Amino acid sequence: MNKKTVRDIDVNGKRALVRVDLNVPIDKQTGEILDDTRIRAALPTIDYLRARHAKVVLVSHLGRPDGKVVESARLAPVAARLSELLDAPVAYARDVVGEDAKRVVAAMQPGDVALLENVRFEPGEEKNDDALAQQLAQFGDLYVNDAFGTAHRAHASTAGVAKYLPAVAGFLMEKEIDYLGRVVSDPEPPVAAIIGGAKISSKIGVLQHLLSKVSVLLIGGGMASTFLKAQGKDVGASLVEDDQLETARSIMAEAERRGVALGLPADAVVADRFAEEAEAKTVDVDSVPDGWMILDVGPKTIADYEKKLSGMKTVVWNGPLGVAEWDAFAEGSRAIARWLAGSGATVVIGGGETVALVQELGLAERYAHVSTGGGASLEFLEGRELPGVAALDDR
Ligand code: ADP
Ligand code: MG
């Protein structure tokens, strides 16, 4: 990575302002944290800084309070859980850059950890307001960005603040950029991409960018129906983006021109309506019954995709192959997830739903990298520069 990390600067005894992504799901009624994965993911950088006697001032957002104080979006439960995980006190400020935050930071001793209030309570955060960036910068001698999940947004705490302090990446950020960066710029060939999910329109950038990098491109999910329709097939009541038929055709033509093996479903699990308990059956894609819709790939497609994936050294996967949140339409995605886990390829997985799927299967540890940032990993795979990364100091 061409950006500096916490290892590249002297953090000893310094005040480190650390942007982390502690945006965990919280039960609105009970205030209970439903999944603390993101808090755990922030620990290595915090531990590293504490071990070097830094004062660790954490900044995070939670939910979408849209620039005002929302009681249910306070970070108090996160501070409590973080304290448990660190087995150390975490001083929690009731505001972001106000009197309480100033008091909390001023009272810190080397090795202490403090958590500022939800940074999105500040109207300047999402506007990347310069005054807020400067106020945040007052709390640090250096800035560490470890929040990969928000690195695709130029906000005051993810980009603006980096102007005012030495700015480096934390370990989580470093790992994300290393793995995703290698996939887009220097992958071990041959490379395959599996792109699924609901819509072509949300994955068009990644499809186009990866086409120039891969030998194999496998299409699944809702967007496969648009490709099939573009080939002249009758896909019944499947989700089709009619305004993307031309896009689908141009991607197919580009794949052909580049000699990329493009995989489209040969068979599908179809349903009589869009519902978890819909009636389902498996058919070839040229015989989707009237009024039925494609909700997963079928067994022939899975076998074909596994064959196309054999021998691949690098595989990047974004987007489930079917409506994987419903058991009846999850088998295509699950089968590919299992197959990849045993493939020996360097597998990099991104995308909110795709990551949830491999975690549910208990397979996340079996891949080279499972990205913590849905939108950020997608933009990275589109070849776009992430503002939160660009703002960090070059090595
Ligand atoms: P990710 O979060 O991994 O990037 P997306 O958000 O692009 O993935 O897509 C996931 C969504 O796509 C899921 O909500 C899933 O229900 C939907 N989906 C997948 N296959 C189909 C399909 N055949 N028809 C309709 N929706 C689908
Ligand atoms: Mg999603």
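The values are calculated or read from the model by the stated rules, or taken from the named source; none is laboratory data. Computed from a prediction, not measured in an experiment: that's the story for all the values here. Every residue, glycine as well, gets a Cβ built from its backbone with ideal geometry; the counts of neighbours run over all protein chains shown. We work out accessible area using only protein heavy atoms, side chains counted, and drop any ligands, DNA or RNA first. Shrake-Rupley method; radii C 1.70, N 1.55, O 1.52, S 1.80 Å.
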Charge tally for neighbours of Ala391 with beta carbon under 12 Å away, counting Lys, Arg as +1 and Asp, Glu as -1, is +2
With the 8 Å Cα cutoff and a minimum separation of six or more residues, the range 301-343 has a relative contact order in percent of 37 percent
Surrounding charge for Ile302, neighbours by C-beta under 15 angstrom, Lys/Arg +1, Asp/Glu -1, total -1
Taking every other residue with Cβ under 12 Å from the Cβ of Ser333 and scoring Lys and Arg +1, Asp and Glu -1, one gets -4
If the label point sits 7 Å along Cα→Cβ of Asp87, residues of the range 22-60 with amide N under 20 Å come out as 36-37, 39-54, 56
A correct Karplus calculation of ³J(HN,Hα) over the range 366-383, with 6.51 cos²θ - 1.76 cosθ + 1.60, θ = phi - 60°, whole Hz and x for Gly and Pro, returns 8, 10, 4, 7, 10, 6, 8, x, x, x, 5, 5, 4, 5, 4, 5, 7, x
Quick shape check on the chain: root eigenvalues a ≥ b ≥ c of the Cα gyration tensor, a/c under 1.5 is rounded, otherwise prolate if a/b tops b/c, else oblate, and it reads prolate
One finds, for Glu254 and Gln359 with R0 = 22 angstrom and r their Cβ-Cβ distance, a FRET efficiency to the nearest 0.05 of 0.10
Residue span Gln231 to Ala80: 0.36 nm per residue of separation minus Cα-Cα distance leaves a gain in nm of 48.9 nm
Between the alpha carbon centres of the range 12-61 and the range 200-247 the gap in Å comes to 39 Å
Karplus ³J(HN,Hα) for the range 304-318 (6.51 cos²θ - 1.76 cosθ + 1.60, θ = phi - 60°; Hz, whole; x = Gly/Pro) runs 5, 5, 5, 4, 5, 7, 5, x, 5, 8, 10, 10, 10, 10, 9
Note: probe point = Cα of Asp178 + 7 Å toward Cβ; backbone nitrogen < 11 Å; residues of the range 1-23 passing the test are 1
So for R0 = 22 Å, FRET eff. of Gln138-Asp66 from the Cβ-Cβ r, to 0.05, ends up at 0.35
Plugging the Cβ-Cβ distance of Asp100 and Lys300 into 1/(1 + (r/R0)^6) at R0 = 51 Å yields, to the nearest 0.05, a FRET efficiency of 0.25
Taking the dipole of the range 187-381 about the Cα centre (Lys, Arg +1; Asp, Glu -1; charges at Cβ), the one of Val206, Val216, Gln231 that reaches farthest to the positive side is Val216
Averaged per residue, the 1.4 Å probe accessible area of the chain, protein heavy atoms only, in Å², is roughly 41 Å²
Phi angles of the range 39-48, converted by Karplus (6.51 cos²θ - 1.76 cosθ + 1.60, θ = phi - 60°) into ³J(HN,Hα) in whole Hz with x for Gly and Pro, give 5, 4, 5, 8, 5, x, 5, 4, 4, 4
Scoring the range 6-171 by relative contact order with C-alpha pairs under 8 Å, at least six apart, yields a percentage of 29 percent
For the chain, the dipole about the Cα centre with charges only on Cβ (Lys and Arg +1, Asp and Glu -1), to the nearest 20 debye, works out at 1200 debye
The alpha-carbon center of the range 84-107 and that of the range 277-314 are separated, in whole Å, by 52 Å
Ordering 79-90, 229-240 by per-residue average of other C-beta atoms within 10 angstrom, highest first, gives 229-240, 79-90
Non-local residues with an amide H under 5 Å from the amide H of Lys55, with H modelled 1.01 Å from N and Pro and chain starts lacking one, are Lys14, Arg15, Ala16, Gly111
Given backbone amide H placed at 1.01 Å from N, residues whose amide H is under 5 Å from that of Ala91, ignoring those fewer than 5 places away on the same chain, are Val113, Ala114, Leu115
